[in-house]
Structure formats: C-alpha cells, structure tokens
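Each remark here refers to the structure printed beneath this line.
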Amino acid sequence: MNEYTLLILLLLISLLWFYFGNKTALSLKNKQLKLNSLPHYYGIYVALYSIIPSLFSYLLILVFDGILFSNLIMEFVPKEILNSPDFNKTIVLAQIDNAVRGIYFGEQPDWVTIASNQMIEWNNQSLILNFFCSISLALGIGYLGFKNIHQEFRSRNSVEKIIISLLGLSSIIAILTTIGIVFSVIFESLRFFAIIPASEFLFGLTWNPQFEGAERAGSGQEGLASYGSVPLFVGTFLISLIALCVSVPIGLFSAVYLSEYANKKERSIFKPLLEILAGIPTVVYGFFAALTVAPLMRNGGSLIGLDVASESALAAGFVMGIMIIPFISSLSDDVINAVPQSLRDAGYGLGSTKNEVITNVIIPAALPGIIASIILAVSRAIGETMIVVMAAGLAANLSFNPLDAVTTVTAQIVTILVGDQEFESAKTLSAFALALTLIVITLILNFYALHVVKKYREQYE
Amino acid sequence: MNKNNSKMLTADEASKIVASSVIRRRKKDARLKTYGRIAIGLAVSFLIFLFVSIFSKGIPGFFQYYVTLDVYLDRDRLDPKGDLSPESLYNGDARSIVLESLYKVINPKGRKEKKAAKKIISSNADVRISKMVLDNSKILGKTISITFAVDDDIDSFLRGYIKRETPSSERRINDTVIKFVDKLSAENRISYKFSDYILTGSASRSPEIAGIKGAFIGSMLTLAVCFIIAFPLGVATAVYLEEFAPKNRITEIIEVNINNLAAVPSVVFGILGLAIFIGVFGMPRSIPLLGGMVLALMTLPTIIISSRAAIRAVPPSIKDAAYGIGASKLQTIFHHVLPLAMPGMLTGTIIGMAQALGETAPLLMIGMVAFIVDIPGGVTDPGTVLPVQIFMWADFAERMFIQKTSSAIIVLLVFLIFMNAAAVILRKKLERRW
Amino acid sequence: MVSNSNINNVKTKTIGEIFSKDPKIICRNVDVFYGEKQAIKDVSIDIASREIISFIGPSGCGKSTFLRCLNRMNDTIDTCKVKGSISLDKEDIYDEKIDVVTLRAKIGMVFQKPNPFPKSIYENVAYGPKIHGLSSSKEELDFIVENSLKDSGLWEEVKDRLQSPGTGLSGGQQQRLCIARAIAVSPEIILMDEPCSALDPIATAKIEELINQLGKNYSIVIVTHSMQQAARISQRTAYFHLGELIEVGETKKIFTMPEDKQTEAYISGRIG
Ligand SMILES: Nc1ncnc2c1ncn2[C@@H]1O[C@H](COP(=O)(O)OP(=O)(O)O)[C@@H](O)[C@H]1O
Ligand SMILES: [Mg+2]
C-alpha cells in the first residue's frame, strides 16, 4: 500500500464511473428517449466529476504533509541542538529523513531514532488520511455527477466546459513558474541585502564569498568575505563582448551572403549547418573550450610572447561567440528576407549592384531587426553558464584584459549553489541576489528586443 | 520640361559615366560576396574543427587495452562460504587470484616489483571474476583465460600518451611497470578492443571502468518526465491561448510571461528548482523526477510558442467545414485542428526536448551532480544525466577521462542528431500537407 | 552586335508591323521560361526611339515577364531563363560583355506598386545619381534632384519637405517620386509595369499626363490593363495572349479595326 496504489485506485474508480454513466445513458437511449448528447459524454462527465476533485486532494495531501511534518518534527529536536550556533534545519531534516529510509551513518543520537519513528508514524497516518479523503471524494462527488444524468441533461456542454477550464488552468502554469522564480529570488535576495548592504553588492570591487563556517572556524579568513559584484559584471561584460566580436561579423556576413548571394542549393546546405552550432549542448562547447581552444590560445600566445592564462576570457568568449553565430545569422536572415522584394526591385531597376542594394536599401530597412537579433544574442551570452564554468575559471578578477581569467555572474551562481550549501549564509544568499540582477538584465534586453522587432513588423505590414 | 538646363546630363553622357564606374563597383560587390563566403567558411570550419576535435578523441574512447590472463578459479578462495551468494563472492579473494595469474606471466621479484605489477590491472578485475562466477558457477575449479581491462595509466602508456623517453621520475608509471607491460605485449597478451565499460559501465573514479550507462538511463528518465509534463501542459496552454482565451489583460499578461520565460537563463530555473521544489515542497535532491520537472518548466515556453504557431497554420477553411456540419468548438479542435497541427507541435516539442537533453547548469544545481554509482531504477532514485556526467568527467585529471568524456559527448551528439532529424522529417511531412 | 542582315528577316506569327524605322530595342524570337514552364513564346518586336508603346493583354499572359526581359530584371529570379535575342542600339543586352548595371542605368523602370525607399524624398531621387557617380558636387546633385522632381511634376508639392520620408507621400505622389527617381539617372528608355493600377483616377490622370510629357524625350514601354489608358497615351500597342505576341500596330488601328480575332475579343471585352 503506497501512494502509487492509491493513484491507480483513483483511476479505476473514475473508470468505473465512466462505465456506469455510459450504461445509464445507453439504457435511456434504449427506452427510445432522445438523448441530448452522445452516451459516452455522460460517462466522461461522471468520470471527470470523480477524478478531478479526488486527484486534487491527493496531490494536496501528498505535497503538503511533508512540509507540515518537517515543521512539527522540530518539537523532537533537543533544545540544545535547536539553540546551538551550528543549528541547520536542512541537515537535521536530512538526518531524520535518512533514518526514516533506513540509511544509517554510524551511531544515531536517540532523538533521531525517536523523531524518525514519529515521522514514520505520521507518514502512515497521512497515507491513510489520503486514502480516506481521496477515495471518498472519488466515490461521493462521482455519485453526485452520476445523479445529474437524465434525459434532458446536456452532458456534452458540461464536459466541454470542464475541459476548457482545464485548458485554461494549464495556462496558469506559465504564470506560476514566473511567480515561483520571482518569489524564490526576491525573498532570498532581501535576506541577502539584510546582511550585506546593497551598495556594497552593487559597487564593491572585490568578490570573495566565504562560508561563515570557515570564518567562524578560525581558518584565519575572518572578515575576508566580500560581496562586491562589480568584477562579476565586468567579467560577464568582457566575455560577452568577445563573443560578440566573433559572432556579429560572422553572423551578419553569413546572413547577407545566404539571403542575397547564395543560390538555393548553397542556402539549403549552409543554413542548417550554421544552425547546428546552436544545437550543440553548452557543456560540449565548454569541454571544447577548455581542452582544445584554451591550450591553442596559450601556445599561440606564447609564440608571439603573450602570457595567456590557461583559463582565459578570450577562450571562453571566443567559443561562446561561435555558439551564438546562428542566433544572429538566423534572425538577421529572417529580417533580411522580410524586406519587401519591391524595394530590391527598385534598387536593381535603377542599376544598383548587389552590394549597393544591400548596403543602401536592405541593411537600413532591416536594421531594427538586426539590432534585435544582436540584443537577443547578448542576452544569450550573458545567461550562458557552462562554457564559462569550464573555460574561464572562477577567479573573480577585476580585469578588462581578455587574456586573464575572469568569472561571470552565472558561473558564480552555479558554483555557489552546487553541492551542499549552508542555507542562511551570506554566501548562499548572494547567489540569489546575483540571479535577481541577472533576471532583471535579461528581461530588460528581451523586452527591448521584442519591442524593436514589433515596431519593425508594423512598419512592413 | 526643363529645356534650359545646361547641367542635366544627356543619356549618352550619363551612360558613359556609368560605364566608367562599373569596374570599381563590381569589385566592391565581389568583395562583399567574398566576405560573406569567408564568414560562412569560418563558421563551418569552426563546426568541423569542433567535431573533428571531439571525434578524434572520442572514437578511441570507445576502445581500450585489455590483458588476457589464464586464471585458475579456485573454488575455496573465491567462494569462502560455498553458497555462491554475492556476499560470499565479495568476501572471496578474487583480487589475489588475478594477481597471482599475472605474476605467473611476468615473474616479479621482490616486494617492489610486485607492487609495480599490481599497477597493471584495473582494480575492478575481481568484480569481473565474481560476475562470471555468478553467471556460470560451472567454471569454478577450472583454469580459463579471461581478459581484464588494464589500468588507465597503462592504457595511456600503450596509446603513447605516456612516453618511454620521459625520465622515470616525471612519468606516472616507472620503468619496472614498463618492463612488465613489454613482456605482456611480447606474449601477445595485450589486446586493443571495443570497451566493455564505456556503454555499460557506471560512473567510476577509475577511468578504465567508467561508463555512461547510469547517466544515459538518468537522461532518459529525466527526459521522459520532462515530456510527460511539458507536452500536455504546453499543448493545452497553446490551445487555450489560441482558441479560447478572451482577449483581455490576463491573457495578455500570460503571453508576455511566456515570451519572457523563454528568455530567462537556464541557471534561473535551477534556482527555481532549488528554492521551490526542494526548499518549499521538500522534494529529495538528485532524482530524475525533480530534474524532469525543472526541465519541463524550462521547455514549456518553447513548446507553447511552437504549438501556437502550428495551430495558427491550420487553414481556417478546415475549421469552417467542421463548424458547417455542426461540430462544437471543442470537437472541431480535437477532431480537426489538433491532428493537423500535431506534426508542428511535435517538432517544437522535440526541439525543446533536445535543448533539455543538453542542459547542464540547472541540473547541477538541483544536485544531479552527486557521484552516483548505481544505475537509477526509477524516477525517484538518485541519478545523474549525460551532460552532467560529461561536466564531471571533464574535470578529472586522468588522461583517459578525456577520451571517455569525448565518447560520452559523441553519444550525446548522436542522440541529439536523431532527435533533430526526427524534427526535420516531421517538418517535411507538415510542409507536404499544404 | 546583331548583324543587320537578319533583323528584318524574321519569321513570326504576329500580325501587324513589328518593325520600326528607328529601332532602339530589337527583340527577336524571345522565349522565356520559369523553370520548365514557358511564359513567353517566340516574341519579336522593335521599340522605336521616343515612342510610347503599350503592352496589353489578359492577366498572366506574360506582359510583365517580357517587360522585365528588356532591362534584365529577370536576372533576379533564379529559375528564369531567357532565349532569343534582345538588343539595345544593336548591342545584344544578354551578351556577356554587357554589365546589367550600365544596362539598367540606361533603361529605367517603374513598378506596379510604388516602391519608394524608406528614406527621405531627396535621398530617393538622389540615390541613383549617387551610386552611379553622376554628380560631382552637392550643387549638381541638388540640381538633378530638383530637375527630376520638376520633370515628374512633383516639385511644387514637395519642395518644402524634401527631407521628409518618401513613404509618407500619397500613392500617386509616391509613384511620381519613383518616376523622378528613374529619370534622375538620365535613362534612354523607361519601362513601366502597370504604373497606375494601384492609384485612384485623379492620380492616374496626373501620371498619364506625365507620361505624355516624358514621351518627348524617352522611349516608354508601358504595361497596362486599361485599354482607355493605352488609347490615351500610346502611339503603338502590342497585344499579348498566353505568352505570344498576337498583334502589334498603331494604337488607333488596334482599337478600331484589329485584324486578329483574339485581339478583337479582348478589345471588345470578351477576354478579360
Ligand atoms: N517568378 C515566377 N516564377 C514562376 N512563374 C512565374 C513567375 N512570374 C510569373 N510567372 C508566370 O509567368 C506567366 C506570366 O506572368 P506575368 O508576366 O506576371 O503576367 P502578366 O504581367 O501579363 O499578368 C504567368 O503564368 C505566371 O504564373
Ligand atoms: Mg504583371
């Protein structure tokens, strides 16, 4: 008996209701009564009536009992642990959770055994409660729906109403996701800014997050932690700039060539080839950057007497540039193709060369779209993580030198949040503050780009 | 007409001027064309370079060196309890049996040489013997020849990455080991063949026995969860927004929202998973279910946007025809619009799934980075995924991991190519329809 | 060079006089294909200096296609292939030696839908002279712009707002701007593909008057759907049907006593 059996049981009950609904409708029909809808709509109606509320209660209990219990269980944690400076709710809960699952690491303190026994009992009770609630809902409300069936009943309309509301509900998920993102980021950021002043975060020139544990443990690093995000933003800017230096010329010239010079065959070969570049996972680019490009650049640099760090902004930016070529070339190609043929005709009719039509007519007309494509590529570069983590390093140097190792906002977020974190600590919270700024920046860029594209579309409609 | 102008050129004068400028202008034109060609050439050569560099490392990664030994499978030593249970075999002495058969070939003298000899065979050799015995207990008590993977340093030596000429102190393997390896080669006991481990092995810290099976299954499970959640939700949202949503503030907000979600960097979804799913809902870390949910939210915008486009592309005449014979709106949509839009919606979904398959950062953040040896058996078992495995292996120092990482990348790329090919075929089908 | 001996010695099914005394453009046995599909079949015709000739015929009969052969605008369509010979001043325009740029500078074109560049009125007219290097100073360029706008009858309407966008003008004004843009390059011939079909009657009347004026200096080939228009402005008329040139002759003659049955049917409104 577990959650899965219950789920299957609920499905079976609703199937049963479908059968009854269908059968009743059929028997009405057999009595030569004219039904309002096809019989199976009556079945579906009853089945939906049964499954929707019961499934809702099922999920509700499943999700929220854990949250409730993890708060209640704190009663069982001894006072001295609760009040000790090292108290960490996550770790305590993990300890109990492991005991519940029967995973033991050495000797258990007594309270863990007691708490885990309590937890197991609660879990069982909650499962029984869930059984009781969900099944009675499935049977009870299903019966209410079943009683609705009579000759005049417009079951199809009711079923459609229910389905349309379900469709509408699913569109809420997108909103919920956004709300989830915003809340998770904003709350933690607020807590961060309660510890670290926003001015330090926004204008500080050193980024050196430290675990509070490390500081407290007297590792000689007291007071070293500093949360000035400027080096991260400079790093992000530097790498994005390098990426743009690679991708903008290549992307634009490719787009121009493909849309104006290439014949059909060249187009059908090279366009998909370029798009492959956007489909390669970033972790592959990261590996390529770290193992192939960075050593090449180091060796190339030392040949001409330059000292290139083994993890350099240049290598990461360069590979990122390759990755975003198709973002620029594809979208630019689209907007160039959207320039009306009549304008090209006007140019050629006057005796312009292709070059002249492109530079004097097409590019100016397509400029807003091209700019939008570059903005989207920038936002993509800013949000890119793996290449930076693998190839640019994690050293938060405040440097504009592309040959240095730098780090970016995204790379820091990931490194801080990978593995075990001390919740509550300024270091962990700083990742959320970084994420908040990242979201704000990319949203502004996205808004602006979409706005430009929309303006552009209107111009030619 | 302006007859009195002296400056307006006559047609003859004009065409002379034009003719004189043509050569220069043609050159400029040719230059732009060349720039375009160079740009495409560069982009394509980057692509080729990338593939060549990955494949040249990755193809050898599917192969590795083995040593063949004649092993006497001593019943008492292998199976001390005598019940052929895994525990009994685990407690048995397989390791020394393997070493002894090795010593028989290379005759190490003294403790130092024996220590060197131990370095030759992968530490996993005993597991191989236990497995063979578990599969077929009849072999106990016989002498049979078995191939074992060589240790990764020996492998690198045999591939020529560790050079004989390098002074012994700077090599990872010393002269004695090299002497033994030469001896084994001379007796034709060293072979180079398709790796037993790369496709069927699990994560391991020893590169010679590390494989991608666990990560691969983890990826499949994660992707399955992602699809099961994202596809119905995406299609339902698209149908609602395209066909039912009243044009009001709320739907406008939803639309703006979806566009913005599509632009949010993937790390942010990792944060969402961490803070909401793990933090608030108390889901366990590292499980494919959680990974799939996070990826589903990430791919949802892609699916919604492409599904809406597909629905919009269904000719209105088809809807009119259905309405004309008295179908309700929902019937029209489910019977006519959705089947016609399905290839387009699937195309978008496959592209979204392909993105999800390659996604690393958010999964790292929800703990799918854990060093997981076991192969996940379900969506609630801890697991890892291919890109994360690639990321972890890329970080390890052993030379052999470079090849294994590249091999894993090849597997990932092959999968992506399949998915994209499916998308292309679907799109072709869609185009043929109208 | 097209040799003189055979240009007036051509087999054709076309009724009427295809030759002219002072030919500017000579087309002989022209076939045009879009991929497999033949859009123009064996058309031969002369176009004289300073004449206005109109092409009429039902839609899809290949008028635009033929017109676009005359300045090689068809080069911009990949699938389009032209056979036969077309010469300008006895020089084959499809010869490899001929550069389309020079050719199109000599043969201007005005399109069905007014297509000003999304730039200022001034820039629209100045664009041609600029790319071809026809002016050596700002004053000269100003002069060309002013003159072209005057010739196209637009000057009085726009002289105070030369810097405002060309796309902001009315349809008729836009079309006259396109004509000004074409004549700013000092062409010898102007091709017009249904220049009035997107315009209202008043704007059409203005353009027709303008074409009549321009006919004194340029050869003009105009495709039109309106027979009244052809009758009002052109000296000669050519009737196309399904890619063939059926009948050519004095406009008056074509409209009063056509020799061919199809032509008559079209003129009297039975083919449309
Ligand atoms: N770009 C093209 N590709 C293929 N066929 C075309 C193209 N342009 C025109 N055609 C075909 O050539 C024929 C002549 O077209 P067109 O010259 O535009 O006729 P008109 O201008 O007399 O109405 C038509 O049948 C048309 O379908
Ligand atoms: Mg036409």
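Observations, loosely collected:
- For segment A:377-419, heavy-atom accessible area (probe 1.4 Å) falls by no less than 40 Å² from the chain alone to the full protein assembly at A:MET386, A:VAL414, A:LEU417, A:VAL418.
- Solvent-accessible area lost on pairing B with A (1.4 Å probe, both sides summed) amounts to about 6600 Å².
- Filter on C:LYS24/C:LYS106; B:LYS109/B:LYS142; C:LYS13/C:LYS253 - keep pairs with C-alpha separation over 22 Å: B:LYS109/B:LYS142
- For segment B:213-433, the Cα gyration tensor yields ellipsoid semi-axes of 37, 20, 14 Å (square root of five times each eigenvalue, largest first, whole Å).
- Loop-located trypsin sites (Lys or Arg not before Pro) across segment C:214-272 with a Cβ neighbour count of 16 or fewer within 10 Å are C:LYS216, C:ARG270, with loop assigned by DSSP.
- Applying the criteria of a DSSP loop state and at most 12 other Cβ atoms within 10 Å to the trypsin sites (Lys or Arg not before Pro) of segment B:245-311 yields B:LYS247.
- Of B:VAL294, B:ILE278, B:VAL414, farthest towards positive along the dipole that unit charges on Lys, Arg, Asp, Glu beta carbons give segment B:213-433: B:VAL414
- C:GLU264 accessible area, assembled protein chains, probe 1.4 Å, Å²: 90
- Amide H contacts under 5 Å for B:ALA203: B:GLY211, B:GLY214, B:ALA215, restricted to partners 5 or more places along the chain or on a different chain, H placed in the peptide plane at 1.01 Å from N.
- Within the full protein context, the accessible area of C:ASP42 is estimated at about 60 Å² for a probe radius of 1.4 Å.
- If you plug the beta carbon distance of B:ALA309 and B:PHE281 into 1/(1 + (r/R0)^6) with R0 = 30 Å, you get a FRET efficiency near 0.35.
- Over the protein assembly as shown, dividing the summed -39,500 (n - 2.57) contributions of all DSSP H runs of at least 4 residues by the number of residues returns a 222 nm mean residue ellipticity of -19500 deg cm²/dmol.
- Solvent exposure of segment A:3-153 as accessible area per residue, Å², 1.4 Å probe: 61
- For the chain pair B and C, the buried solvent-accessible surface (1.4 Å probe, both sides summed) amounts to about 1800 Å².
- Within the accessible area of segment B:213-433 (1.4 Å probe), percent carbon and sulfur: 66
- Apportionment of accessible area to carbon and sulfur, chain C, percent (1.4 Å): 50
- Summarising the overall dimensions of the protein assembly as shown from its C-alpha atoms, the Rg and Dmax are 39.0, 122 angstrom.
- Across chain B, Cα pairs under 8 Å and at least six residues apart give a relative contact order of 19 percent.
- Here chain B is treated with +1 on each Lys and Arg Cβ and -1 on each Asp and Glu Cβ, and its dipole about the Cα centre works out to around 2000 debye.
- When DSSP beta bridges are restricted to pairs lying wholly in chain C, around 55% turn out antiparallel.
- Accessible-area loss of 20 Å² or more (1.4 Å probe, protein heavy atoms, chain alone versus all protein chains) is found in segment C:60-79 for C:MET73, C:THR76, C:ASP78.
- Rounded to whole Hz, the Karplus (6.51, -1.76, 1.60) HN-Hα couplings of segment A:368-379, x for glycine and proline: x, x, 5, 4, 4, 5, 5, 4, 4, 5, 4, 5
- Label point at A:THR359 placed 7 Å out along Cα→Cβ; residues across segment A:231-261 whose backbone nitrogen lies under 19 Å: A:249-261
- DSSP-loop GluC sites (Glu not before Pro) across segment B:182-291, with at most 16 other Cβ within 10 angstrom: B:GLU187
- Residue (of B:VAL18, A:LEU139, A:ILE181) at the positive-pole extreme of the protein assembly as shown, dipole from beta-carbon charges: B:VAL18
- Solvent exposure of segment A:226-457, expressed per residue, is 33 Å² of accessible area, with all protein chains present and a 1.4 angstrom probe.
- Put simply, the amide H of C:ILE220, placed in the peptide plane, has neighbours under 5 Å in C:GLU51, C:ILE52, C:ILE53, C:ILE190, leaving out anything fewer than 5 places away on its chain.
- Pairwise label distance in nanometres, C:ILE77 with B:ALA19, each label 7 Å out on the Cα-Cβ vector: 3.0
- Between C and A, buried accessible area from a 1.4 angstrom probe totals roughly 1600 Å², ignoring ligands, DNA and RNA.
- Among beta bridges from DSSP that stay inside the protein assembly as shown, the antiparallel ones total about 70%.
- Accessible area per residue, Å², segment C:1-84 with all protein chains present, probe 1.4 Å: 47
- Taking chain A and dividing mean pair separation by its residue count, relative contact order in percent (alpha carbons under 8 Å, at least six apart): 16
- Dipole check for segment C:190-271: with +1 at the C-beta of Lys and Arg, -1 at the C-beta of Asp and Glu, and the Cα centre as origin, the magnitude is about 220 Debye.
- Counted as membrane-span-like here are DSSP H helices of chain B whose alpha-carbon atoms extend 27 Å or more along the helix's own axis and whose Kyte-Doolittle mean is 0.5 or above; these are B:213-239, B:288-312, B:338-358, B:399-433.
- Label separation (B:LYS429 vs B:GLU252): 3.9 nm, computed from points 7 Å beyond Cα along the C-beta direction.
- Percent accessible area from carbon and sulfur atoms, segment B:63-194, protein chains only, probe 1.4 Å: 49
- Hz values of 3J(HN,Hα) by residue in segment C:47-54 - Karplus curve (6.51, -1.76, 1.60), Gly and Pro given as x: 10, 7, 5, 6, 10, 10, 10, 10
- Reduction of at least 40 Å² in accessible surface, 1.4 Å probe, comparing all protein chains with the chain by itself, residues of segment A:149-164: A:GLU160, A:ILE164
- Counting Lys and Arg as +1 and Asp and Glu as -1 over every other residue whose Cβ lies under 9 Å from the Cβ of C:VAL110, the net charge comes to 0.
- For segment B:80-194, a crude dipole built from +1 on the beta carbon of Lys and Arg and -1 on the beta carbon of Asp and Glu, taken about the Cα centre, is about 300 debye to the nearest 20.
The values are calculated or read from the model by the stated rules, or taken from the named source; none is laboratory data. If you're wondering where the values come from, they're calculated on a predicted model, not measured in any experiment. Positions of Cβ are generated from backbone atoms using ideal geometry, with glycine treated the same way; all protein chains shown enter the neighbour counts. Please note that ligands, DNA and RNA were not included when accessible areas were found on the heavy atoms of the full protein model with its side chains. Shrake-Rupley method; radii C 1.70, N 1.55, O 1.52, S 1.80 Å.
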